[in-house]
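The values are calculated or read from the model by the stated rules, or taken from the named source; none is laboratory data. Because the structure is a prediction, the values reported are computed rather than measured. Cβ placement follows ideal geometry from the backbone for every residue including glycine, while neighbour counts extend to all protein chains displayed. These accessible areas exclude ligands, DNA and RNA; they are computed on the full protein's heavy atoms, side chains included. Shrake-Rupley method; radii C 1.70, N 1.55, O 1.52, S 1.80 Å.
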Amino acid sequence: MNICKPFIERPVMTTLVMIAMLLFGILGYKKLSVSDLPNVDFPTIQVSASLPGASPETMANSIATPLERQFSTIAGIDSMTSSSTLGKVSITLQFSLERDIDKAASDVSAAISVASRQLPRDMPSQPTYKKVNPAESPILYLALSSTTLPLSEVNTYGETFLAQRISTISGVAQVDVYGSQKYAVRIELDPNLLAARNISIEEVSEAISHSSVNLPTGSITGAAQSFLIQAQGQLLDANAYRNLIVAYRNGAPIRLQEFANVYDSVENTKAASWFNNKRAIILAIQRQPGSNTIAVVDHIKMILPQFELELPKGVKLETVYDRSISIRNSVNEVKFTLIIAALLVVLVIFVFLRSIRITLIPSLALPLSLFGTFALMYYLDYSLNNLTLLSLTLVVGFVIDDAIVMLENIVRHWERGQSPFQAAMSGSKEVGFTIVSMTISLAAVFIPVLFMGGIIGRLFHEFSVTICIAILFSGIVSLTLTPMLCARLLPDKHKQLDLPWMMWSEDVFRAMSAWYEKTLKLALSHHKFIFGMFVVTFVLTIVLYAMTPKGFLPSEDTGQLFAFTETDPSTSFTAMSSIQQKVADIVSKHPDISGVVSSVGAGGASGASNSGRLFIRLKPEHERTMSADEIIYALRPELAKIPGIHIYLQNTPSIRVGGQSSKSPYQFTLQDGNIAELNYWAEVLRHKIAALPSITDVTSDLQFTGPQVQLQIDRDKAAALGITVEQLEGTLYSAFGGKQVGTMYTPIDTYKVMMELKPEYQNDQNALSKLYMRSSNGSLVPLAAIAALKQGTGPSSVAHQGQLPSVTISFALKPGVSLGQAVDEIEALKTTLQLPKTLTTNFQGTAQAFKSSLQGFGWLLLIAIIVVYLVLGILYESFIHPLTILSGLPSAGVGALIMLLIFGYDLNLYSFIGIIMLIGIVKKNAIMMVDFALNEKRKKNISSYEAIYQACMVRFRPIMMTTMAAVMGTLPIALAFGAGAEARRPLGLAVVGGLVLSQLLTLYITPVIYLYFERLTRSTKN
């Protein structure tokens, strides 16, 4: 049976089917969205709550714990982490990949409503949630600055106008405002003047809150007309508040300005941001998990021109960083690589066939297979991303293989004197089943990848399906269009070579064929040596696999760097700002850096007043002399010279695994119900890990160096004097917590009235003795009368994982160190220290995903081999010869691993997928030999030796053509440059190395293994 016969006999039908495939493919290609990677985002929701002035322990116990207890009842939560700092709680809920983020958000909202009954009554607002992964980097940074207007006015344009517009765009999770300078009226009290006027702080707070209100006042309705009642109940600036009467003493009014400084200011005076050393308001836009970065950025950019027209002349809007640019550059680089690979593959065919007309026949399989794949990609809602385009680049050398095999076999019959039509019929009949076997078995390699779970399965799902679709389309084209074109386009007679390069090319191939014939006979006569070589490659594969460093995701250069900065918790905001500026100055002087955004202080970019962040924009890659990682290595020693600050530089990964943000890229977490034991071992492990030779930038989220003033309340004395504990803590909050005592409502926004002590008293713990409270009998009672002061230290933050207290140690890798090496060293350290059984330790984020993937790599490889064996066994109705076909795999593995070691790459996800692909590629050569040998032996009743010998010689040309095409198709990936090249290069090197070595060895190992199995079959039958 010849499955190609109907298509050869009906050229119009075949042509129209191919045209339809091409047209639908072009339409699909134009509608495909562009992205950096497939959607690999875990549905993640961040819950935030605030209670200004509350300590980290108070936030953890009274807010985080009730919320966590309620969240734990929600189905599908993979991880729940929380961080409690001064006045703030942030809880990150990461759900399983299968959960819909909108339904998860509804569950979170319901849980917050239930838990709100257990939360403190004096919280200024209920907890809020956003569909955002806080560990993800913003996709767009915008800076607003002005040399003429105050920052509070610039902030209004940025935070009130622009940020709100951007927040309504689909796919935007939140807009963080770094260095926010929102307008507020600040009231700074002098406790000495208050005491002299016999006024308590709580009386001031109550008077202010009652003096400025915006309440409904109703209307007057008459017989013929109605009137709205409008009362001027609000005070809208500092000048109006200065004359506010707080109390009467001896019949005389006491005004606010008599004992307080009242002035127009901003809500947070301990936060600031700079862009290129100029004060600015920074907007950092984060996308929702699952949304398309390029689509979101494009929508934001559409509204910016109109917004710029609305800005005053003195306000400047700048785009600091645009993540979509590097994504587009990376995708364009892969597209260019795809085109180069296609041209190289066509060139290989032309060199072997030496005819433009004949070269055109298999070359058409390439665009038709690719555009057919585009059509199905659109139907499956895939995107044009680095991985799908990479998969198409990889298959460029393989989708044409089937057409080459078909063409070469038809040409062989045509060169023997048959007419083009006869050659097409007889040649296609011979190799039809071979092509089916090659196509199905190659596609079957990726079936196990489709069943992988977690982030790895999601990451490579589109990659695998795209490859399978392209391979199946190539098989269809090779069985339909290729033989039909051969029957119509081949000349009636075979022309002799007339051009010198053609004659030279033919001479070279004949010399190669003669050399192979000679060495093949030698190999078959010394089959024991060849079999020994096979055993050596098998053992060497295992040894090299153990030797090769293991990694997870290769570091990519996305044109940005990130840095956390941290000083001692006792550092003031002013001192922190000064040190931060020194860091920014050093960073900005690096010749490969084009912009620096620097932020310090609580709120927005940071969680504490002693911490800060740097966002570093790099110059375009072609203008730089260093890569992103090299810039980090160059900056570290320079920044280490600045005293009193720790700087943790990171090359922001394209994929962020986990929802926990840390100062270094990899996390190791400890959990224990016994907090004292947890804190002790956390410090021990932090110091031990920092001493490991492969690790740098070790830090911990446990910091017990924060100075505290602890009040020991004499409850009996307080009760006797008529002072409640609630009243005492309220007084402290009003004095030192930056309490909001009023709200100003305007048509644009609402603004706060903030109250606290004057700065000189906030910096002095002795000011506590100057605070007075009104007792139940009307007299003022000093705080010192009912409370004793004691100095101590406490945590700057409290972290939970699940519902247990936790400490996370984060770390980075030294240059040239693989993640696998660092993980092994930490695991060995755990064993050496003999940690208590109550202490639970585990890796988080990328390190955890690496450990999981490392365990699954071996099984995935084994399952892929088993699946291919099953498919080949079914196709050939044999238990033995699928093993013959797979005998070239060890040599491919050796070649891939040696190539990675030579070029200094670790075995990561990308290179491992290249090895999986080698399983499908290498066996194609063996299929061509074994299939021909079995057919020849069956038809001509010749010996096994003669059958495999003829198969090797007849299939030598198509094997060389397909292998050279595959190598040339993969070579542009192995030599990749430009955006995203760091990720693609290990995959290309693994495939090229495996192809080259397996090509050299399979030509000899496969025929020897075939003969061994044939002897085994005969002896079994006997």
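What the table shows:
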read-out	value
Residue ID - modelled with the highest pLDDT, chosen from residues in the stretch 509-568 that are closer than 20 Å to ILE959 by Cα and hydroxyl-bearing (Ser, Thr, Tyr)	THR519
Members of the stretch 92-111 found to be among the hydrophobic types (A, V, I, L, M, F, W, C) and either in a loop (DSSP other than H, G, I, E, B) or out of contact with any Phe, Trp or Tyr (no Cβ under 7 Å at 6 or more places or on another chain) (or both), listed by number	LEU97, ILE101, ALA110
Selection from the stretch 828-862 of residues that are at pLDDT 85 or above and either under 25 Å from the mean Cα position of the chain (by Cα) or under 30 Å from LEU889 (Cβ atoms) (or both)	THR841, ASN842, PHE843, GLN844
The stretch 843-854 residues that are closer than 10 Å to LEU819 by Cα, paired with ones that are in a helix (DSSP H, G or I) and of a type outside the set (Val, Ile, Thr) (beta carbon under 6 Å, 6 or more apart)	PHE850/LEU819
Residue identified as under 30 Å from PHE932 (Cα atoms) and free of Cβ contacts under 8 Å to residues at least 12 places away in the same chain among LEU862, LEU875, LEU883	LEU862
Breaking point among (1) out of contact with any Asp or Glu (no Cβ under 7 Å at 6 or more places or on another chain); (2) part of a helix (DSSP H, G or I); (3) of a type in the set (Gly, Ala, Ser), for SER265	(2)
Which numbered condition GLY76 misses (of (1) at negative phi; (2) surrounded by fewer than 21 Cβ atoms within 10 Å (Cβ to Cβ); (3) in contact with a helix residue (DSSP H, G or I) (Cβ under 9 Å, 6 or more places away or on another chain))	(1)
Residue identified as assigned to a loop (DSSP other than H, G, I, E, B) and either in contact with a helix residue (DSSP H, G or I) (Cβ under 8 Å, 6 or more places away or on another chain) or aliphatic (A, V, I, L, M) (or both) among SER796, SER769, SER806, SER852	SER796
Cβ pairs under 8 Å, 6+ apart, first in the stretch 682-705 and modelled with pLDDT of 85 or more, second open to solvent by 40 Å² or more (accessible area, probe 1.4 Å) and assigned to a loop (DSSP other than H, G, I, E, B)	PRO693/LYS814; SER694/LYS814; ILE695/LYS814; THR696/LYS814; ASP697/LYS663; THR699/LYS663
Among (1) closer than 28 Å to LEU861 by Cβ; (2) touching a Gly at 6+ places or on another chain (Cβ under 6 Å), the one test that PRO448 misses	(2)
Single residue of the stretch 151-210 satisfying the filter (more than 31 Å from the chain's Cα centre (by Cα) and part of a loop (DSSP other than H, G, I, E, B)) that is surrounded by the most Cβ atoms within 10 Å (Cβ to Cβ)	GLN181
Residues (open to solvent by 10 Å² or more (accessible area, probe 1.4 Å) and assigned to a helix (DSSP H, G or I)) located in the stretch 896-909	ILE898, MET899, LEU901, ILE902
Subset of the stretch 772-793 that is open to solvent by 40 Å² or more (accessible area, probe 1.4 Å), in contact (Cβ under 8 Å) with a residue 24 or more places away in the chain and outside any strand (DSSP E or B) - its residue that is farthest from GLY76 (Cα to Cα)	ASN777
Pairs, first more than 22 Å from LYS130 (Cα to Cα) in the stretch 34-58, second of a type in the set (D, E, K, R) and in a strand (DSSP E or B), C-beta under 8 Å, six or more apart	GLY53/LYS739
Hey, LEU37 modelled with pLDDT of 90 or more and within 25 Å of GLU462 (Cβ to Cβ) or not	no
Test: residue in the stretch 21-42 that is of a type in the set (A, V, I, L, M, F, W, C), within 30 Å of SER611 (Cβ to Cβ), open to solvent by 10 Å² or more (accessible area, probe 1.4 Å) and not in a loop (DSSP other than H, G, I, E, B)	no
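Let's see how each residue does on (1) touching a helix residue (DSSP H, G or I) at 6+ places or on another chain (Cβ under 9 Å); (2) part of a helix (DSSP H, G or I); (3) under 17 Å from SER810 (Cβ atoms):
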position	(1), (2), (3)
MET626	yes, no, no
ILE632	no, yes, yes
GLU638	yes, yes, no
ILE647	yes, no, yes
ARG656	yes, no, yes
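Each row is one residue, and each column tells you yes or no for (1) among the aliphatic types (A, V, I, L, M); (2) buried (at least 16 other Cβ atoms within 10 Å of the Cβ); (3) assigned to a strand (DSSP E or B).
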site: PHE857; (1), (2), (3): no, yes, no
site: ILE866; (1), (2), (3): yes, no, no
site: LEU870; (1), (2), (3): yes, no, no
site: PRO890; (1), (2), (3): no, yes, no
site: LEU918; (1), (2), (3): yes, yes, no
